[in-house]
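Let me begin by presenting the structure, written as structure tokens, before commenting on it.
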Amino acid sequence: MMLSKENILRLRDSNKYCSFKICFLMLFLFSLGNNTFSQDYKEFETGFVTIFNQGFNLDSYYFGNNPAYLNFSLDDEFLSLKNVTKNSEGEFKKFYTPRTDQTFGFFASGKKSIDSIQKFKGSFGFSKLVRKNWDWFFTRDYDTDNPFLIGDSTSCNSRINGILINAQYAITISEKLSAGVNLDYIVDEGLKTVSPRPTSEHRDIHGKLGMGYSINKELSLGFTLDVTDKNEQISYREDEGSLTQETIILKFKGYDFPNVLRKKVETRYSYINGYASGITFAYNNSDDFKLAGFINSGFEKNNIKDDALDPKGVGFWKDDYLEVGLKSSKQFSKNIITGLSYRYLKRNGWAKYPPTDVLYYERNLYSHSLIAGYEQIINRDISAGLEAGISVFSKKEDDHYSVVNSSIQFNQYFGKIGINYHWSEDVSSLLSYAVSARANHKYELNYNEKGSIYFVNARIYDLIYLETAFLQHSFSLTSEVNIWNSDMVLFHLNYSTINPFSSDAFKNTRRSEFDFIIEYRVKVI
Amino acid sequence: MMNTRMFKIFYKFLFALIISVLSISCSDILGTDPKPEKTEREIEFQITLKDNSGFMQILFGNDKVRSAEVTLKSNLLGNEYNLTSDSNGVIKIKGIISDNYIITVTRKMSSEEMEIISGTTATNVKLVNKKTRILQLTAASPVNIDVEMDMVVGGSSIIISEIYACGPQGSGLYYHDKYVEVFNQSDSVQYLDKMMIAIVYTNSNTGLHYRDDPEYIHSKSIWIFPGTGKDYPIQPGQFVLCAEDAIDHRMNAPNSVDLSQADFEFYKDDAPDIDNPAIPNMIKIYQTSGNDWLIGGETGALILSNFSADSLLPFDDQFLIPYRSVFDGVEYKADPTKLDKKILNEGIDAGSAGGIQFYTGKSMERILISDIGRKILKDENNSSVDFMIINAPSPGKYH
């Protein structure tokens, strides 16, 4: 049965003591890419994937990112003001990761029915990324495996300030057919805060078209088309501070052997285009069982050019990907809810050097992630939950340019327990603890013994990091406070500590992460 | 509302379309760059050295140049590979990155070989690669390459041995301590009288240069050594320092150099220039702008010529110096890998020194290849391989 607005509200009322919504999948480390634009700040965090959500996310809008299903979203209409603070710091990191990575964001969003068949959701936000003690690099999206990275010999702080705009529109064309579009627009500017003070400018546009069709009352199918267009410009200029100081620009084409240029002026352009298409589906036979899934396939390519006066291609990077997701929720009785989530991701990327049309780099990775959850409603005020999962990850890299080859396979195990308590009709809290451990199955690293210091002393840690087993502990608290019968304040705190235990390279290091999100929601009548 | 049946048909069509899109590759439809078939560093290149002089034919019955010393220098990374050709005149190299390689090939002819060839025991004859100075070696290019070699007798007797142009560290925009140093590479006394030092003309704003002029260097800054014939000898292995201002610059800039003992000074008598009366002045032939002799701090080119100043040919606002009169020429660039933006003809200098930024106190000095008896500096007519960067200038001597 397709959920109507009345059903949604009734469902919410009947489960009021458990009114948290689920965040988008945060556990899966490797679901980078093109489908995160509109989902980043959409739903409130709990840290759980399969439970403590009442199955609200089990439709093709939330699980499949099909904007056509905005119509069938379980959201109330509301205006939201949200502040996000994230901090990650420590020495257990890849070489090219900043020692401290901070994200600050402020977002305003709202959703409103235009009429009975049209709905609109829009958001506007400011974001600030602060990267402290960042060695060399200055590419915003440095962690995509694109080997063509530019930097300089300095280690310092950088910040990237930007605005984000999102608009979603959906229309019910007929009783069974709906359509929707999603548009994301991001512009930001970056600055490295010490001489030579390079600057960067980014403009990202992502559009998504979705269609949805209800085959019957229980099953709906849809498809999506994605187009992404991004530009990046990184500029080194003759900064006054660097006038009497030597500037060394590093242009990486792989892990090793960067071009080391003693010059003050350089401009790098990156033109990124992505295309993807996908299928979404959702099955909902009753309130007891829900199932949603998607298959999404696409690619992203990046043309990199240097020189402002006469731009010439210096790199080409292409990444093909396939994502599959399946998620279900089953309510066995009034007090027992279970959930299951599976995700598969496959990425095959390669890079070439355009002037010579020669293959420089290849990377193939895949991951399977499976999470099962069990939620027990103990009484009207208390419910408890347990989640457990496993991720299987494999990555193979062949850096022909640098003569560096690596392959790794590991499993990551995950367990999380939580308890939700209603202090009163209007106040509830969810407290949870999670532990995650990585265990390696296979690891190989071969590199040129005549490698330069840029690899041996630095970028080899990008690879060693990946093969390092670790133990992660996370504590989180999520609370919801209803005020004046119409408004709501939600906040989420999460603290994680990651401790490696199998590597001399990262001995006595750790990394900690702290997230704080607070949101104020006002219902729109 | 549209008819439900029509929607079913429409939707089935769309569904079939999306399956097709997924089953074919998006990349194919959108026509993106194909993945290259050739992989970096996998190719073995074979370079065959062929003699145009006929010497090898006389000595060995074929035109293949055996026992030649070959240096390949990667333009982007700067690594050098030193190889020797085999009896078939072939060198093989594998595992290198795709790049433009600056190639220098030298086959010195022994006196015994020259006796067979010409009946004389000449010792200063060699075969060099005059025509092919840069090779593009990429996995996608041909793996068999021929390099032609021609005979050269001797070499330039007087060469530019050092150029210091960037200015010292830590003294703001101080730039008056520039100099050029020349060196007698030969085994006999040479004379500097009336020898010409010219700055090769280029306009960085417009990109105008005359690199491809078939006959002439273009210059707007031409100076000559004083003397009438044999007034200023330069001994074998002697360095001669020509300073922009022959003073102890450390008084003005602590990290600069003492040029008060320079051999010559560029003094521009129509401008408020410094003149050390104890040092002989270079003679300005032509320089219309500036208050001093001034070479580019990061990018520029200098030539040393024995052309008569009286025979200079005017061209626009420049004068022309024939290539045939050039003893030596050196180009240096802020980014020496950008050989496509050279300003000096490749016949004079196939590459570029440089890679030095303003006010870093660094200098460019020719590489020493022998110091037995007297110094021999590298002179392959290719500044990419002939010069190196030194951290502090060494005026009037080798560092």
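The values are calculated or read from the model by the stated rules, or taken from the named source; none is laboratory data. This structure is a prediction, so every number in the text was calculated from the model and none was measured. Because the Cβ atoms are built from the backbone with ideal geometry, glycine has one as well, and the counts that use them run over all protein chains shown.
A few comments on the model shown:
Condition check ((1) over 24 Å from B:Ile43 (Cα atoms); (2) crowded, with 16+ Cβ neighbours inside 10 Å; (3) touching a residue at least 12 places away in the same chain (Cβ under 8 Å); (4) not hydrophobic (A, V, I, L, M, F, W, C)) across all residues:
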{"position": "A:Arg343", "(1), (2), (3), (4)": "yes, yes, yes, yes"}
{"position": "A:Gly385", "(1), (2), (3), (4)": "yes, yes, yes, yes"}
{"position": "A:Ile390", "(1), (2), (3), (4)": "yes, no, yes, no"}
{"position": "A:Asn411", "(1), (2), (3), (4)": "yes, no, yes, yes"}
{"position": "A:Arg438", "(1), (2), (3), (4)": "yes, yes, yes, yes"}
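- Residues (within 18 Å of B:Val90 (Cα to Cα), of a type in the set (A, V, I, L, M, F, W, C) and within 14 Å of another protein chain (Cβ to nearest Cβ)) located in region B:107-155: B:Ile134, B:Leu135, B:Leu137, B:Val143
- Among the residues of region B:158-189, those that are surrounded by fewer than 18 Cβ atoms within 10 Å (Cβ to Cβ) and over 21 Å from B:Ser260 (Cβ atoms) comprise B:Gly172, B:Leu173, B:Asp187, B:Ser188, B:Val189.
- Within region B:335-372, the set of residues being more than 13 Å from chain A (Cβ to nearest Cβ), among the hydrophobic types (A, V, I, L, M, F, W, C) and out of contact with any Gly (no Cβ under 7 Å at 6 or more places or on another chain) comprises B:Ile343, B:Ala350, B:Ile367, B:Leu368, B:Ile369, B:Ile372.
- Where a residue in region A:256-282 is under 28 Å from A:Asp307 (Cβ atoms) and more than 8 Å from chain B (Cβ to nearest Cβ) and its partner, wherever it lies, is assigned to a loop (DSSP other than H, G, I, E, B) and of a type in the set (A, V, I, L, M), with Cβ under 7 Å and at least six apart: A:Thr267/A:Ala308
- Residue in region A:100-113 that is of a type in the set (Ser, Thr, Tyr), over 18 Å from the mean Cα position of the chain (by Cα) and either farther than 25 Å from A:Lys507 by Cα or modelled with pLDDT under 90 (or both) present: yes
- Region A:213-255, residues that are touching a helix residue (DSSP H, G or I) at 6+ places or on another chain (Cβ under 6 Å) and facing chain B (nearest Cβ under 9 Å): A:Tyr213, A:Phe223
- Condition met for B:Tyr332 (under 25 Å from B:Thr206 (Cα atoms), within 14 Å of chain A (Cβ to nearest Cβ) and assigned to a strand (DSSP E or B)): yes
- Residue in region A:305-313 that is within 11 Å of chain B (Cβ to nearest Cβ) and on the phi > 0 side of the Ramachandran plot present: yes
- The lone exception for B:Glu380 - which of (1) charged (D, E, K, R); (2) outside any loop (DSSP other than H, G, I, E, B); (3) under 18 Å from B:Asn79 (Cβ atoms) it fails: (2)
- Exactly one residue out of A:Gly349, A:Gly339 is assigned to a strand (DSSP E or B), more than 10 Å from chain B (Cβ to nearest Cβ) and at pLDDT below 95, and it is A:Gly339.
- Of the criteria (1) surrounded by 23 or more Cβ atoms within 10 Å (Cβ to Cβ); (2) over 11 Å from the mean Cα position of the chain (by Cα), which one B:Asn306 fails: (1)
- Boolean, A:Phe138 is in contact (Cβ under 8 Å) with a residue 60 or more places away in the chain, touching a Pro at 6+ places or on another chain (Cβ under 6 Å), more than 23 Å from A:Ser220 (Cα to Cα) and away from chain B (no Cβ under 14 Å): yes
- For A:Lys327: the one exception among (1) over 26 Å from B:Lys338 (Cα atoms); (2) touching a residue at least 40 places away in the same chain (Cβ under 8 Å); (3) within 12 Å of chain B (Cβ to nearest Cβ); (4) crowded, with 20+ Cβ neighbours inside 10 Å: (3)
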